[in-house]
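The values are calculated or read from the model by the stated rules, or taken from the named source; none is laboratory data. Not measured: the values here are computed from a predicted model. Don't worry about glycine lacking a Cβ; one is built from the backbone with ideal geometry, like all the others, and counts go over all protein chains shown.
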Amino acid sequence: MARFHIGLIINPLAGLGGPAAFKGSDGMAEQALALGVEAKAAQRTRTALEQLLALRERIEFVSYPGAMGGELLAQMGFEHRLLGELGDGATTAEDTRRAVRQLQDAGVALILFAGGDGTARDVCAVVNASQPVLGIPAGVKIQSGVYAISPRAAGELTARLVEGGLVRLASGEVRDIDEAALREDRVTARWYGELCVPQEGGYVQAVKQGGMESEELVLADLAAWLESEWEPGVRYVFGPGSTLHGLAQNLGLETTLLGVDMIEDGQVIARDVNEAELFALVDGHPTYLLVTAIGGQGHIIGRGNQQISPRVLRAVGLERLRVVATKRKLATLEGRPLLVDSGEVTLDDAFPDAVRVWAGYKEELLYPLAR
């Protein structure tokens, strides 16, 4: 079984300023350590990772050496590989930023980071807007909406993702309080940006009580969202299947049920194209590729849509692939991952461990993918 790749960054200095009554740790770590304050970030990260021990055979961590992650992962027996190097002194904000860059370049599905609002600022400064991240609360100040409510909750949510549960993606604000002003009893907070954060998705309460998600209503909602988000001059490939055909019908577009069609500026510009025609349409032109999953089976590439060939996928870019599937359809997989079988092993291996799924009006889920 292919392993699920998770990035891990620990800010070992996070939280030191709290017990020392410094109102934060920015620039105060050495003074806190001199007062005998013990670092807690690794222990809080351990609490999160303990929720993943039962899934150890399914996970590979990618992290930084020593106190930034490698040391703890080795102690806990997790499969992992390390990137980068650390100097002899205390870790810095630049170490965190460098680690984020390298982890996302490594293609991890999720970056877990332990720290406080200062750490979230460092992550936000360099991370790609589409990279899912989740904070393990370990700092003094936790104002940002990018942290789990507890270390254990961070681990449980990550476990849900690895196991194939429905995990919604949302934007979380990064905010930080001015520590110098706080030490003078003035509370001044500032907005620094937003991060892509997984949240508890799955079923709404009505489904658990016996209600059923309406496929027709969901497709109407998805159509309204897509229509409001059309990018001028950008092409949208609609793959085969009743889900995308129904989506197109809600947009007032005549597409083929079992063919591949091309939409641009809200109009069908090509219907039922073959592989060569599709490649000519996407090569060198900004494009999004919309596919759906085969219900009960999970394939999104390589079953019934061979027009979407490896060269088409490369021309479009895997980062511009979107899966369209209702939660009801995903439930038929019973936790199994989505599947790709492009015909080229190297390309299949380049797919991320989890893909974005459009599941409702402005509702994106992060769902595991296997090769």
Lone unmet requirement of (1) among the small types (Gly, Ala, Ser); (2) surrounded by fewer than 23 Cβ atoms within 10 Å (Cβ to Cβ); (3) within 26 Å of residue 357 (Cβ to Cβ) for residue 154: (2)
Among residues of region 260-281, those that are in contact with a strand residue (DSSP E or B) (Cβ under 9 Å, 6 or more places away or on another chain) and either under 21 Å from residue 299 (Cβ atoms) or not assigned by TED's automatic domain parsing to the domain that holds residue 317 (or both), counted: 5
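Among the listed residues 99, 114, 90, identify the single one that is buried (at least 24 other Cβ atoms within 10 Å of the Cβ), not charged (D, E, K, R) and not in a helix (DSSP H, G or I). Give the derivation first.
Details: 99 fails: not in a helix (DSSP H, G or I); 90 fails: buried (at least 24 other Cβ atoms within 10 Å of the Cβ).
Residue meeting the stated conditions: 114.
Of all residues in region 123-136, count the ones that are within 22 Å of residue 91 (Cβ to Cβ) and surrounded by fewer than 24 Cβ atoms within 10 Å (Cβ to Cβ).
Going residue by residue through region 123-136, those that are within 22 Å of residue 91 (Cβ to Cβ) are 123-127, 131, 133-136.
This time we only want the ones that are surrounded by fewer than 24 Cβ atoms within 10 Å (Cβ to Cβ), so: 124-127, 131.
Counting residues in region 123-136 that are within 22 Å of residue 91 (Cβ to Cβ) and surrounded by fewer than 24 Cβ atoms within 10 Å (Cβ to Cβ) gives 5.
Out of 161, 169, 219, I need the residue that is modelled with pLDDT of 65 or more, touching an Asp or Glu at 6+ places or on another chain (Cβ under 8 Å) and not in a loop (DSSP other than H, G, I, E, B). Which one? Working first, answer last.
Details: 161 fails: touching an Asp or Glu at 6+ places or on another chain (Cβ under 8 Å); 219 fails: touching an Asp or Glu at 6+ places or on another chain (Cβ under 8 Å).
Result of the check over 161, 169, 219: 169.
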Subset tally (residues that are touching a residue at least 40 places away in the same chain (Cβ under 8 Å), among the small types (Gly, Ala, Ser) and not in a loop (DSSP other than H, G, I, E, B)) for region 67-87: 1
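Going through 139, 164 one at a time, which residue ends up being on the phi > 0 side of the Ramachandran plot and either in contact with a strand residue (DSSP E or B) (Cβ under 7 Å, 6 or more places away or on another chain) or buried (at least 23 other Cβ atoms within 10 Å of the Cβ) (or both)? If you could, list the steps in order and put the result at the bottom.
On the way: 139 fails: on the phi > 0 side of the Ramachandran plot.
Selected residue: 164, the only one of 139, 164 that is on the phi > 0 side of the Ramachandran plot and either in contact with a strand residue (DSSP E or B) (Cβ under 7 Å, 6 or more places away or on another chain) or buried (at least 23 other Cβ atoms within 10 Å of the Cβ) (or both).
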Given (1) surrounded by fewer than 22 Cβ atoms within 10 Å (Cβ to Cβ); (2) free of Cβ contacts under 8 Å to residues at least 60 places away in the same chain; (3) within 29 Å of residue 251 (Cβ to Cβ), number of the condition residue 362 does not satisfy: (2)
One residue from 270, 276, 359, 280 being out of contact with any Phe, Trp or Tyr (no Cβ under 6 Å at 6 or more places or on another chain) and under 23 Å from residue 108 (Cβ atoms): 359
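Condition check ((1) under 17 Å from residue 247 (Cα atoms); (2) surrounded by 22 or more Cβ atoms within 10 Å (Cβ to Cβ); (3) modelled with pLDDT under 95) across all residues:
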{"residue": "282", "(1), (2), (3)": "no, yes, no"}
{"residue": "299", "(1), (2), (3)": "no, no, yes"}
{"residue": "315", "(1), (2), (3)": "no, no, no"}
{"residue": "337", "(1), (2), (3)": "no, no, yes"}
{"residue": "354", "(1), (2), (3)": "no, yes, yes"}
Where a residue in region 139-159 is assigned by TED's automatic domain parsing to the domain that holds residue 52 and its partner, wherever it lies, is assigned to a loop (DSSP other than H, G, I, E, B) and at pLDDT below 80, with Cβ under 6 Å and at least six apart: 139/14; 139/15; 140/15; 140/17; 140/18; 140/24; 140/25; 141/24
